[in-house]
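Have a look at the structure below before the remarks.
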Amino acid sequence: MEDHPRALGWTPGPEDDRDFLLSTFAPERPTLSGEKGWGWAGMNDLNQLSEGACTSFSIGNAVNCEPRRSDIDSDFCFDAYHATTERDEFPGDWNTGQEGTSLRSAMQEWRKRRKISSFAFSYSVEEVVNWVLTRGPMGIGVRWYEGMDAPTEENDWYLEPTGEILGGHAICVPRVHWGMGDDNYVVLLNSWGRANWGKNGRAKLSEGSFRALLEDDPMGTAIAAVE
């Protein structure tokens, strides 16, 4: 397999009436101020290489972070992704050239493998911020732009959703910085290998860019494992 750190491949897939909304699990008075990062110094460096396996890898990064502190490796993520493509809502599978799958289908496979118990959706920046501040990391699926491919130190590691749309991508949100009198942002943890993107595989996304990708674009979605 070619070691290519720019594989995308996320495909949107709508939830249905059996799915939960994240608001069902959120408190009536959400927390929208503070800084919280869910980390684990010993977590595996997940790298999806040339495959469009980002949905599975974004879940892997989320469950490897606190509070779960799992020990999922890239082989498990690949195996789960391959199985997902064989049972998801899209024709074909990874053997026949299918690139990517939906976050919902990937979560179903992880639940089948008993790595999570259930999951819930959100399309709200405030709900995502509250969840990460109080409960744990999330995965998001968004359109991916050229300007997001290579965050730089000169730009303080911020993503820029500018230029051509390259496809879609699923990525983990393990940290937020919000409502503290300065710029609001979320931190994204990618699955292209820590040496290949951003600062140790992480980069920032401003509130304005986050709203544009998640709330203003019908292709955006956020999803969390819930207990």
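Mean separation of Cα pairs under 8 Å and 6 or more residues apart, divided by the residue count, gives the chain a relative contact order of 27 percent. Structure remark: mean-square fluctuation, Gaussian network model of the chain, C-alpha springs under 10 Å; the largest value among Thr101, Thr152, Thr11 belongs to Thr152. The sum of -39500 (n - 2.57) across all DSSP H runs of n ≥ 4, divided by the residue count of the chain, sets its helix-only mean residue ellipticity at 222 nm to -7000 deg cm²/dmol. Comparing mean-square fluctuations of Glu207, Glu153, Glu66 from a GNM of the chain with C-alpha springs under 10 Å, the top value falls on Glu153. In segment 1-158, a dipole from Cβ-located charges (positive for Lys and Arg, negative for Asp and Glu) runs towards its positive end, and of Met43, Phe25, Ile140 it is Phe25 whose Cα lies farthest in that direction. In whole percent, and with a 1.4 Å probe on the protein chains, what portion of the accessible area of segment 50-198 is carbon and sulfur? Here it works out to 43 percent. Beta bridges assigned by DSSP with both partners in the chain are antiparallel in approximately 90 percent of cases.
Using the heavy atoms of the protein chains alone and a 1.4 angstrom probe, what is the accessible area of segment 57-157 per residue in square angstrom? Could the numbers behind the result be given before it?
Details: 4150 Å² over 101 residues.
So segment 57-157 comes to 41 Å² accessible per residue, rounded to a whole number.
Among the GluC sites (Glu not before Pro) found in segment 1-107, those both in a DSSP coil and sparsely packed, with 12 or fewer other Cβ atoms within 10 Å of their Cβ, are Glu2, Glu28, Glu89. Potential lengthening of the chain between Glu28 and Thr152 amounts to 40.8 nm, from the contour at 0.36 nm per residue minus the alpha-carbon distance. May I ask for the distance between the Cα centers of segment 175-196 and segment 53-67, given as a whole number of Å? First find each Cα centre; the distance between them is then 15 Å. Among Met43, Met180, Met107, the residue with the largest mean-square fluctuation in a Gaussian network model of the chain, with springs joining Cα atoms closer than 10 Å, is Met180.
Charge dipole of the chain (Cα centre as origin; +1 on each Lys and Arg Cβ, -1 on each Asp and Glu Cβ, all else neutral): 820 debye, rounded to the nearest 20.
The values are calculated or read from the model by the stated rules, or taken from the named source; none is laboratory data. For clarity, every value in this text was computed on a predicted model and none was experimentally measured. So basically every Cβ, Gly included, is an ideal-geometry build from the backbone, and we count neighbours across all protein chains shown. Side chains are part of the model used for accessible areas, which takes the heavy atoms of the whole protein and leaves out ligands, DNA and RNA. Shrake-Rupley method; radii C 1.70, N 1.55, O 1.52, S 1.80 Å.
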